[in-house]
There are 2 protein chains.
Amino acid sequence: MANQSLVRHINERRLLSALRVYGPLPRAELARRLSLTRASVTGMVDDLVARRLVEERPARDDGQRRDVGRPGIDIALAPDGAHFLGVEIGVGVMRFALLDLTASPVDTETVDLPTGAGAEAAIGLIEARLAALRSNPRFAKTIRAIGVTVPGLVRSDGFVINLPILRWQHLPLGTLLDARIDLPCQIENNAHAAAFGHIYSNPQAGEGVVVYLKIGTGCGGAVIVDNKLLRGANGLGAEIGHLRVAEDGPLCSCGRRGCLETFVNLRALQRYATHKDVVERDVSIDLPNAVAERLAAGDREATAAIAELSSYLLRGLVDLTNLFNPDAIVIGGAMLPLLDPIVDRIAGPLAEQIVPGMPMPRLTISRIGPFECAIGAAAMAHHEEFDLTNIDLHT
Amino acid sequence: MANQSLVRHINERRLLSALRVYGPLPRAELARRLSLTRASVTGMVDDLVARRLVEERPARDDGQRRDVGRPGIDIALAPDGAHFLGVEIGVGVMRFALLDLTASPVDTETVDLPTGAGAEAAIGLIEARLAALRSNPRFAKTIRAIGVTVPGLVRSDGFVINLPILRWQHLPLGTLLDARIDLPCQIENNAHAAAFGHIYSNPQAGEGVVVYLKIGTGCGGAVIVDNKLLRGANGLGAEIGHLRVAEDGPLCSCGRRGCLETFVNLRALQRYATHKDVVERDVSIDLPNAVAERLAAGDREATAAIAELSSYLLRGLVDLTNLFNPDAIVIGGAMLPLLDPIVDRIAGPLAEQIVPGMPMPRLTISRIGPFECAIGAAAMAHHEEFDLTNIDLHT
DNA sequence: CTATTATGTTTGGCAAGTTAACAAATTAGC
DNA sequence: GCTAATTTGTTAACTTGCCAAACATAATAG
């Protein structure tokens with residue numbers, strides 16, 4: 001199906017993506033940026049206005065010096081032209097984020113997910129949240145798709161293979177969702193979604209190759225190449241947490257020892273800081289803040305704990321840098337309050353230990369915060385429908 | 001530039017790729033496969049015939065039972081419509097392969113590259129080979145581009161960072177080539193090229209995600225996603241040889257210890273088999289054959305050597321499988337005669353040790369042989385000009 | 001020998017972008 | 001304040017390339 005309608009499809013997405021990334025622009029400027037004529041842009045904008053996806057904006061009177069010539073009329077994405085719901089299924093909690101057509105969050109919500117709850121309960125909560133949102137006339141008819149993230153192995157067809165933290169296994173979550181929700185549902189690993197959320201909300205960050213690490217209850221990862229997630233054959237790619245970084249160590253949920261995930265997560269941090277092992281649910285969410293304070297106060301035990309965690313993380317990042325030659329490594333997740341000192345500690349040795357000649361990647365921290373997975377999931381749904389990428393030329 | 005000419009560009013590449021992959025086909029069949037009308041295909045074929053890229057073929061009288069209806073006239077790529085030269089710069093040797101428009105090798109050649117020779121000498125040999133080929137009227141005007149492979153780190157802009165085996169370093173090879181050769185030259189790491197050659201000559205092998213390992217003098221790798229190489233930010237991606245698979249080990253060319261490359265290569269095999277370390281140039285190319293014979297004869301030392309090498313390789317493949325969730329792992333390179341027993345030994349443990357739930361990749365051996373890098377380099381040039389991929393929709 | 005079926009070509013139509021001309025809205029200069 | 005210059009946005013005529021439909025062609029089936 002490579003005919004004129006493909007050209008229109010491509011140009012439409014190029015136009016919408018430009019407006020999302022650069023903000024409102026007049027037709028003439030759009031024409032220049034997309035290498036189209038003003039005439040073509042006029043036609044496309046007319047069409048998009050009729051479909052309520054873009055709108056004219058009154059001239060912003062921002063005191064900017066105007067150039068000579070007739071001033072342009074800004075065209076902007078119509079924020080409420082479409083909405084996307086992102087859902088994070090987490091440990092004891094579900095988080096929801098609603099994005100508008102500009103991919104900005106317009107609503108967030110957190111609800112408890114009882115420990116031991118199954119998929120039915122989670123789907124019920126999604127249904128309820130969707131109904132609640134739709135009772136608001138603003139969102140009643142514009143929610144187009146849902147993205148759901150889970151903390152573990154999930155195939156791209158929506159089949160959950162294993163979520164050790166939730167004790168969910170072999171579960172056709174996609175099918176179950178499709179049966180109960182009247183919108184397209186996409187299921188994704190939480191780290192993949194968080195990574196995508198980061199590059200989608202920082203467009204300049206997504207060019208090239210980005211390796212993302214999410215350090216929290218576990219340690220997950222994602223790799224993004226030219227704004228596209230590396231999913232692997234079945235959507236299980238970038239299982240960075242199971243990279244082997246030591247000959248021995250605590251038993252991992254995967255059954256092996258030495259996995260990065262067993263050395264780099266909140267529970268491990270607790271272990272390093274207190275020399276006592278604890279069970280998962282006893283690790284407080286406030287742990288990173290507490291350790292950060294002790295660290296700032298020069299506490300020796302906290303310093304040693306960070307040093308130990310950093311050493312394993314470093315070991316993993318060396319391999320990842322050699323394998324992916326990334327432009328940037330982004331670290332996010334619940335460990336956020338401690339990421340600055342960790343990154344400071346890692347940058348130097350990383351530059352030394354990667355293969356000589358391999359350029360040092362930028363080390364960045366994702367500061368989106370606790371809704372990063374939900375926002376990322378919604379961003380993926382947004383991207384699916386409106387972003388310029390992944391147009392299949394083969395069929 | 002997304003207008004009707006883009007549609008034609010896409011459809012032309014779809015048509016040429018279909019002919020390359022499936023062989024000669026009549027217009028009606030092409031129309032069905034490309035979802036175009038017979039009328040459109042007629043027009044495109046007329047155009048391509050005029051440009052000498054395709055030609056009509058007399059009906060093959062292969063005794064096949066004919067269907068009812070008017071028989072179609074096969075359209076085939078005109079083999080001599082274009083040629084691409086691939087060059088491998090190796091240790092002591094340069095190999096050349098010329099591909100025609102069907103991406104089949106029509107000429108191969110090996111010449112000595114004196115030990116210690118610099119880039120100037122190598123470029124001189126390329127010039128000479130190109131001149132020799134052009135003295136044949138068949139190739140005089142049809143060679144369109146050159147691909148050159150080097151055994152080590154090279155940036156996508158053609159700057160050679162480090163080739164430890166050749167002692168070449170910090171060398172603007174791309175610029176030097178452009179100055180002396182009147183054709184587009186692309187420089188690529190040898191394992192990347194070999195991987196690409198494998199999937200380009202086995203089209204069904206390139207769908208999805210393929211992890212390629214080249215085991216020879218060194219151990220290099222490449223990852224291919226949907227027929228495209230994962231290059232990384234600077235073209236240095238997939239440095240699989242420097243994946244760390246042990247806490248200690250022989251000193252690697254990268255300055256660290258524990259790299260996969262130091263355990264999995266010809267010299268290491270020699271070491272395992274003889275318990276003596278030797279210098280690189282003393283490792284005979286025939287070593288794999290010799291060991292294979294001893295192995296077949298049940299020789300205990302050879303068996304142990306293969307077991308040792310396999311154990312390190314396995315360790316690397318576990319991480320790679322978890323990281324990339326590949327459809328297939330392909331192993332090639334000078335170790336070829338030993339790859340069958342090695343793969344036999346690895347398959348079982350690999351399935352056990354990857355993350356539970358991660359599908360087991362197919363384990364395949366690339367049997368292209370000694371010209372795999374040269375053929376792959378030429379294939380990359382062919383792909384650049386004629387394959388349906390990497391059409392940039394952003395500009 | 002005729003009916004059927006499939007291929008390949010021709011003709012006319014449509015979609016979407018381009019070119020070129022023009023009206024509209026602003027600044028610059030006198 | 002008026003005119004020239006400049007830039008935006010629209011309109012109409014043109015071009016490209018695919019589609020739809022009709023037709024000529026070449027085979028098989030009975």
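With its label point defined 7 Å out from Cα along the Cα-to-Cβ axis, A:Pro337 lies at 6.4 nm from the matching points of the other copies, in increasing order.
Close amide-amide hydrogen proximity is noted between B:Ala78 and B:Val54, B:Glu55, each under 5 Å apart and 5 or more residues distant or on a separate chain (H modeled in the peptide plane; Pro and chain starts excluded). Expressed in Å, the radius of gyration and Dmax of the Cα atoms of the range B:208-366 are 15.3, 47.
Could you tell me how far the Cα centroid of the range A:277-351 sits from the Cα centroid of the range A:187-221, in Å? Distance between centres, Cα-based: 17 Å. Think of the protein assembly as shown as having a plus end and a minus end, set by charges on the Cβ of Lys, Arg, Asp and Glu; of B:Val54, B:Gly255, B:His275, B:Val54 sits farthest toward the positive end of this dipole.
Ranked by how many other Cβ atoms sit within 10 Å of their own Cβ, fewest first, the residues A:Cys185, A:Cys259 fall in the order A:Cys185, A:Cys259. For B:Glu247, the point set 7 Å out from Cα toward Cβ sits 0.4 nm from its twins in the other copies, listed from shortest up. Placing a label point 7 Å from Cα along the Cα-to-Cβ axis, B:Ala76 is separated from the same position in the other copies by 6.2 nm, shortest listed first. Dipole magnitude for the range B:208-366: computed about the Cα centre from +1 point charges on Lys and Arg Cβ and -1 point charges on Asp and Glu Cβ, it is near 280 debye. 3J(HN,Hα) along the range A:195-202, derived from phi through the Karplus expression 6.51 cos²θ - 1.76 cosθ + 1.60 where θ = phi - 60°, amounts to 4, 5, x, 4, 6, 6, 8, 10 Hz, with x in place of Gly and Pro. Can you work out ³J(HN,Hα) from phi for every residue in the range B:174-189, in order, using Karplus 6.51 cos²θ - 1.76 cosθ + 1.60 and θ = phi - 60°, giving whole Hz and x for Gly and Pro? So the J values, rounded to whole Hz, are x, 4, 4, 5, 4, 6, 10, 10, 8, 9, x, 10, 10, 10, 8, 4. Between the listed residues B:Pro114, A:Val355, A:Ala132, the Cα displaced farthest toward the positive end of the dipole of the protein assembly as shown, a dipole computed from Cβ unit charges relative to the Cα centre, is found at A:Ala132.
Answer rounded, prolate or oblate for the protein assembly as shown, using the Cα gyration tensor with square roots of eigenvalues a ≥ b ≥ c: rounded when a/c is under 1.5, else prolate when a/b is larger than b/c, else oblate. Because a/c hits 1.5 or more and a/b fails to exceed b/c, the protein assembly as shown counts as oblate.
Looking at chain A, what % of the alpha carbon pairs are farther apart than 30 Å? Looking at chain A, the distances longer than 30 Å represent 45 percent of pairs.
Helix A:336-353 axis versus longest C-alpha principal axis of chain A: approximately 80°, rounded to the nearest ten. Residue by residue, the range B:127-144 carries 3J(HN,Hα) couplings of 3, 5, 5, 4, 5, 4, 5, 6, 6, 8, x, 4, 10, 4, 10, 10, 6, 9 Hz when phi is fed to the Karplus relation 6.51 cos²θ - 1.76 cosθ + 1.60 (θ = phi - 60°); x denotes Gly or Pro. Considering only alpha-carbon pairs that sit under 8 angstrom and 6 or more positions apart, the relative contact order computed for the range B:208-366 is 25 percent.
Helix A:372-386 and the long axis of chain A differ in direction by around 30°, with both axes built from C-alpha atoms.
Dividing the summed -39500 (n - 2.57) terms of all DSSP H runs of n ≥ 4 by the residue count of chain B sets its mean residue ellipticity at 222 nm at -12500 deg cm²/dmol.
Ranking of A:Tyr200, B:Tyr212 by neighbouring Cβ atoms within 10 Å, starting from the fewest: A:Tyr200, B:Tyr212.
The mean sequence distance of close C-alpha pairs (under 8 Å, at least 6 residues apart), as a share of the length of chain A, puts its relative contact order at 17 percent.
Only the coordinates and a few stated rules stand behind these numbers; no lab work does. Not measured: the values here are computed from a predicted model. Backbone-built Cβ (ideal geometry, glycine too); neighbour counts: all protein chains shown.
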